[in-house]
Amino acid sequence: MSEYIGLDVSLKETAISVRRDGKRIWRSKCPSDPSLLAEVLRKRAPTAKRVVFETGPLSVWFYHALSAEGLPAICIDARHAKAALDMAPNKTDANDADGLAHLAEVGFYREVRVKGYDSMLIRTLVAARTKLVRITTELSNQIRGLMKTFGLVVPPSKGGKFEDNVQRLLACQEELARIILPVLEAWRSMRARAAELGRQLIASARQSEACQLLMSIPGVGAVTATSFTTAIEDPANFKKSRSVGAWLGLTTRRYQSGEVDYDGHISRRGDAHLRGLLYEAATVILTRSYADSDLRAWGLKLREKIGFKRAAVAVARKLAVIMHSMLKSGELFNRVTSMA
């Protein structure tokens, strides 16, 4: 007889539920450590067929660690699991583990592809750099706002010129300088750290053939190319390139009930950061790209019909499809036949 296991994972403890032949045979809690969990499961469920848990902050670690222990780990979509878990009268960790074990037994779940450690390492680099850039921007805006209160308007500038302008305006403001200069020092430090991570990101993109391939598209830089390749990983993960647009939440949602049938806004499912990068790349293609292409011409015609924002979303979706096709074929961006 095979056992089916549900794990409700939290930071400190993980609730465990084991089912066999349609009945729960054991449940308990264990510290959220995959090695300890594996030891417990081998003792309580020696013939485990499925070990199911939801997507979450620890899901990548749990999946790879449990798989390395020889357990049949399966990570499922938390939104899909929620619909089934909400049927329980009481929301507890133990009941959630029971529900996940039941899903594992009946096979009613949607398995999620868990990314490898190498891809997650590069994605962490992108996320860390993005966070530092946002903090730098927030600090510069804060400095501008604080100084404006005292009639000191910092001229539009970036980088070293911004710092020089702030220092010049604070030359005769000793009391205010004691407040602003520590913030300026934090801005300088964050900017240096962001630049350091940016250099690491560019070096990684230069070493990747896939990134170099995608960067042949106007408007696609190292950050967008790296984020796309690490999200897709293997192009064979998608049978059709069209599926990538839906996977990134760039296709419209449909609602149908009886005689009501209409399309709504885009679903916004999947990787929000990558979706934003593709939208930025589409904006560059429509507004700042001097390289003519069928994609740009199609987007400009669409902008006249439905407006700029919707056209940019459509170009972003088409861009995702083209980028996946390029990864499959290994060909550079073709400006003339890119819409084929």
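Numbers for the structure displayed
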read-out: Partner lysines for Lys49 [C-alpha distance under 29 Å; skip if fewer than 8 residues away on the same chain]; value: Lys12, Lys23, Lys29, Lys82, Lys91, Lys115, Lys239
read-out: Part-to-part distance (alpha-carbon centres) for the range 69-113 and the range 164-213, which is given in Å; value: 44
read-out: Relative contact order (%) - the chain, alpha-carbon pairs under 8 angstrom, separation at least six; value: 12
read-out: Cα centre as origin, Lys/Arg/Asp/Glu Cβ charges: the range 279-324 dipole, Debye; value: 200
read-out: Surrounding net charge for Lys115, when Lys and Arg each add one and Asp and Glu each subtract one, Cβ distance under 11 Å; value: -2
read-out: Under 5 Å, built H, 5+ apart or other chain: amide partners of Ser10; value: Ala15
read-out: Share antiparallel - DSSP beta bridges, the chain, percent rounded to 5; value: 70
read-out: Charge dipole magnitude, Cβ of K and R +1, D and E -1 - the chain, Cα centre, debye nearest 20; value: 620
read-out: Inter-part distance where the range 242-278 and the range 121-156 are each reduced to a Cα centre, Å; value: 32
read-out: Helix 93-106 axis, angle to the chain major axis (alpha carbon atoms, nearest 10°); value: 70
read-out: Over the range 1-134, relative contact order from alpha-carbon pairs under 8 Å, at least 6 apart, %; value: 28
read-out: Per-bin percent of Cα-Cα distances, the range 289-340 [5 Å]; value: 4, 21, 28, 25, 14, 5, 2
read-out: Extended-chain gain in nm, criterion 0.36 nm per residue less alpha-carbon gap, Lys239 and Glu209; value: 8.6 nm
read-out: Structure-derived semi-axes √(5λ) of the Cα gyration tensor in Å: which label, when the choices are [x] 29, 24, 20; [y] 44, 30, 20; [z] 32, 25, 17; value: [y]
read-out: Sequence-distant residues sharing a close amide H with Trp26 (under 5 Å, placed H); value: Val18
read-out: Size of charge dipole - the range 238-318 - debye, nearest 20, with Cβ of Lys, Arg +1 and Asp, Glu -1, no other charges; value: 140
read-out: Sequence-distant lysines (8 or more away, or on other chains) whose Cα lies within less than 27 Å of Lys161; value: Lys131, Lys148
read-out: Per-selection metrics, the range 1-79 (Cα): Rg and Dmax in Å; value: 11.4, 32
read-out: Per residue value of the accessible surface for the chain (all protein chains in place, 1.4 Å probe), Å²; value: 58
read-out: Of every Cα-Cα pair in the range 119-270, the percent that sits beyond 27 Å; value: 48
read-out: Accessible-area value, Ile25, 1.4 Å probe, nucleic acids and ligands omitted, Å²; value: 80
read-out: The range 78-89 - phi-based ³J(HN,Hα) in whole Hz, Karplus 6.51/-1.76/1.60, Gly and Pro as x; value: 5, 5, 5, 5, 4, 4, 7, 5, 5, 6, 5, x
read-out: Bins of 5 Å from zero: percent of alpha-carbon pairs in the range 202-253; value: 4, 19, 26, 23, 17, 8, 2, 1
read-out: Summed side-chain charge close to Arg20 - residues other than Arg20 whose Cβ falls under 14 Å, Lys, Arg +1, Asp, Glu -1; value: +3
read-out: Asp93 versus Ser267: modelled label distance in nm, points set 7 Å from Cα along the beta carbon direction; value: 3.2
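The values are calculated or read from the model by the stated rules, or taken from the named source; none is laboratory data. Since this is a predicted model, take the numbers as computed values, not measurements. Note that each Cβ is placed from the backbone with ideal geometry, even for glycine, and that neighbours are counted across all protein chains shown. Surface accessibility is based on the protein's heavy atoms, side chains included, excluding ligands, DNA and RNA. Shrake-Rupley method; radii C 1.70, N 1.55, O 1.52, S 1.80 Å.
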